[in-house]
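Structure, as structure tokens:
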Amino acid sequence: MRPAARGFASLLSAVVTAFGSSARAEESNEFWPEAQVHYWFNEHRSRAILMGSLSRNRDNNTTYQAEQGLTFEHQFTDNFLGRIGYRHGASTEGGAYNENRLLLEQTFRLYLPSKVIVDARTREDFRWLDSGFAVRLRERLQVQRDITIDNYTFTPYTSAEVFFDTRYGQFTRYRLTLGVTLPIDKHISVEPYLVRQVDWIPSGVITNALGFILIMAF
């Protein structure tokens, strides 16, 4: 069997396992607020992104995790973008979780008819955790399209993402997202989105999240 076929078979097996485990999984409802500041330069082909986010459990009304980071993005061609960044995450409840993360991203962009854009993104997370070092590989496919009503343009999107974790040597999570980017004015936009996330290793957990990103761009 070719390597690509083996990889697809492994992914398919992981997704089937995840769906089979969903009936036994614990389920939680969360809110993920986030703020981002984007600074554009190099004729809008490069930008720096400063971010901060919280993870809040809506079932017991508590915030359990915070994350801050800085990322640099450059658009090399019309069809290829790259990112490098750093994130720090920690428990807000005095727990043991503490993470320093170096991230790399490669995004291949495809322009389809009817103004549809498809992004195939690969992301590598190099994670220094309280439990040791690990690498997490993430593959995401996102489809989006600008829609204009009168003089207002907004961008709905949907994506599917799978996570491979070297701590377990297999796929451990998949995430489905549905969202929309809504410009407020020239410099400010908001991005509400819904997430269905399934973690089946090390234990079965289903997360239903409402996310909200405030973006300030200059």
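Among the residues of segment 105-118, some residue qualifies, meaning at least one is under 23 Å from Trp32 (Cβ atoms), surrounded by 13 or more Cβ atoms within 10 Å (Cβ to Cβ) and touching an Asp or Glu at 6+ places or on another chain (Cβ under 6 Å).
Just one of the listed residues (Gly95, Gly52) is in a loop (DSSP other than H, G, I, E, B) and touching a residue at least 12 places away in the same chain (Cβ under 8 Å), and it is Gly95. So which residues in segment 144-157 are in a strand (DSSP E or B) and surrounded by fewer than 16 Cβ atoms within 10 Å (Cβ to Cβ)? Those that are in a strand (DSSP E or B) and surrounded by fewer than 16 Cβ atoms within 10 Å (Cβ to Cβ): Arg145, Ile147, Thr148, Ile149, Tyr152, Thr153, Phe154, Pro156. Scanning segment 36-69 for residues that are polar (S, T, N, Q) and crowded, with 17+ Cβ neighbours inside 10 Å turns up Gln36, Ser53, Ser55, Gln65. Evaluation of Phe133 against the conditions (1) closer than 27 Å to Asn100 by Cα; (2) surrounded by 18 or more Cβ atoms within 10 Å (Cβ to Cβ) shows that the sole unmet condition is (2). Take the conditions surrounded by 13 or more Cβ atoms within 10 Å (Cβ to Cβ), farther than 26 Å from Asn57 by Cα and aliphatic (A, V, I, L, M) and apply them to Ala160. Does it pass? For Ala160, the condition - surrounded by 13 or more Cβ atoms within 10 Å (Cβ to Cβ), farther than 26 Å from Asn57 by Cα and aliphatic (A, V, I, L, M) - is not met. Of Ile213, Ile206, all but one fail to be surrounded by 15 or more Cβ atoms within 10 Å (Cβ to Cβ), within 15 Å of Glu27 (Cα to Cα) and hydrophobic (A, V, I, L, M, F, W, C); the exception is Ile206.
Readers should treat all values here as calculations from the given coordinates under stated rules, not as data from a laboratory. Everything numeric here is computed off the predicted structure, so don't read it as measured data. Ideal geometry is used to build each Cβ from the backbone, glycine not excepted, and the neighbour counts take in all protein chains shown.
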